[in-house]
Amino acid sequence: MEPKRVVVKVGTNVLTNKDNRILGPILRELVRQISVLYERDIMVILVSSGSAIAGKEVLGDTRIKDPSVRRQVYSSVGQPRMMRHYYSIFHDYGMRCGQVLATKRDFDPGPHRENMINCYEGLLAEGVIPIANEDDATSLTMSMFSDNDELASLVAELLDADSLIILSDTDGLYTGHPDDDDSVKLSEVKGDQDVEKYVQASEKKEGEGRGGMESKLKIAKGTAKKNIPTYIADGKRHNVIVDILDGKDIGTKFIH
Ligand code: GLU
């Protein structure tokens, strides 16, 4: 039987603490779960953000005035830092990982798309865990994804994944503010169910990641429509990926 494929997207807010520092234990817990699944013949394709914040951690405030160039520079410094972390943790688990960076244009029909599929298929056939991110150093405006949630959805579709798991800093979609006593978590959202009304406003600073709950809902519904069940769950929860795939009631599941 072909190994199952699960795309796991991890956002900047999961990978960092309140001081915007990258958290080693979180990366290790992610990789540990990926190694557990690997033993069960489930291949994870990891879509990891964090390049911008990892670069900002190193460079701090810069002399660069243009915010787009600043983001490019932060990401250029931060992406190899993220990969160094992942590389060494995967190595500790006796596993290998590879990097696949893309811009939105690469997903258009044509040779780039084909090349990307071939690369992913090659990595997966070799048992190498692909780690995807946007090519933030070069992608600007037209070639930019709205956020990594969109990238993760496109990767899931590209590789015909069995499911998509979007790890965030909330444990799913609530009917009100997650801290309110009378708001409840939705376990399942079906089809076009109107759940957008539940979304709370949020604010983010530079490098902290672009996607919010509103875009997550859109992406989750859109991906589910393509027959790829999609989950939104708390990325800091112990064993979250394995528990979801074991069918536990964790996060919010979106189905067609
Ligand atoms: N690609 C960006 C990064 O790695 C994150 C984009 C997003 O927040 O969705 O920093």
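The values are calculated or read from the model by the stated rules, or taken from the named source; none is laboratory data. From a predicted model like this one, the values you see are computed outputs, not experimental measurements. In case anyone asks, the SASA skips ligands and DNA or RNA and just uses the protein heavy atoms, side chains included. Shrake-Rupley method; radii C 1.70, N 1.55, O 1.52, S 1.80 Å.
From the square roots a ≥ b ≥ c of the eigenvalues of the alpha-carbon gyration tensor of the stretch 78-165, which class results: rounded (a/c under 1.5), prolate (a/b over b/c), or oblate? All intermediate terms of the calculation are to be shown ahead of the outcome.
Numbers: a/c = 1.87, a/b = 1.32, b/c = 1.41.
Oblate, since a/c reaches 1.5 and b/c is not below a/b.
Summary of the geometry: the stretch 141-166 and the stretch 23-52, compared by the centres of their Cα atoms, lie 17 Å apart.
For SER146, the solvent-accessible surface computed with a 1.4 Å probe is close to 70 Å², ligands and nucleic acids excluded.
When the chain is treated as a Gaussian network with alpha carbon springs shorter than 10 Å, the biggest mean-square fluctuation among ASP246, ASP169, ASP136 belongs to ASP246.
Across the protein chains, with a 1.4 Å probe defining accessible surface, the residues THR62, THR141 rank THR141, THR62 from largest area downward.
Please state the relative contact order of the chain as a whole percent: Cα pairs under 8 Å, 6+ residues apart?
Details: 467 pairs, mean separation 58.2, N = 256.
Relative CO of the chain lands at 23 percent.
Exceedance of the 19 Å cut-off in Cα-Cα distance is limited, within the set LYS9/LYS56; LYS9/LYS218; LYS9/LYS190; LYS18/LYS236; LYS185/LYS221; LYS4/LYS218, to LYS9/LYS56; LYS9/LYS190; LYS4/LYS218.
What whole-number value in Å² describes the accessible area per residue of the chain for a 1.4 Å probe?
Values: 12610 Å² over 256 residues.
Dividing the accessible area of the chain by its residue count gives 49 Å².
Compute the length gained on full extension between THR175 and SER68: take 0.36 nm times their separation in residues and subtract their Cα-Cα distance, giving the result in nm to one decimal.
35.0 nm
The helix-only estimate of mean residue ellipticity at 222 nm for the chain, built from DSSP H runs of length n ≥ 4 each weighted as -39500 (n - 2.57), is -12500 deg cm²/dmol after division by the residue total.
Restricting to the chain, compute how many DSSP beta bridges are antiparallel as a %, nearest 5. Present the calculation step by step, with values, prior to reporting the outcome.
On the way: 5 of 34 bridges.
Around 15 percent of the beta bridges assigned by DSSP in the chain are antiparallel ones.
Considering only protein heavy atoms and a 1.4 Å probe, what is the carbon-and-sulfur percentage of the accessible area of the chain? Intermediate values should be presented prior to the final figure.
Values: 6100 of 12610 Å².
Solvent-exposed carbon and sulfur of the chain make up 48 percent of the total.
Taking a ≥ b ≥ c as the square roots of the eigenvalues of the Cα gyration tensor of the stretch 1-134, is the shape rounded (a/c under 1.5), prolate (a/b larger than b/c) or oblate? The shape class here is oblate. Applied to the stretch 39-56, the Karplus parametrisation 6.51 cos²θ - 1.76 cosθ + 1.60 on θ = phi - 60° returns per-residue 3J(HN,Hα) values of 5, 8, 6, 10, 8, 9, 9, 8, 9, 10, 7, x, 5, 5, 5, 5, x, 5 Hz, with x for Gly and Pro.
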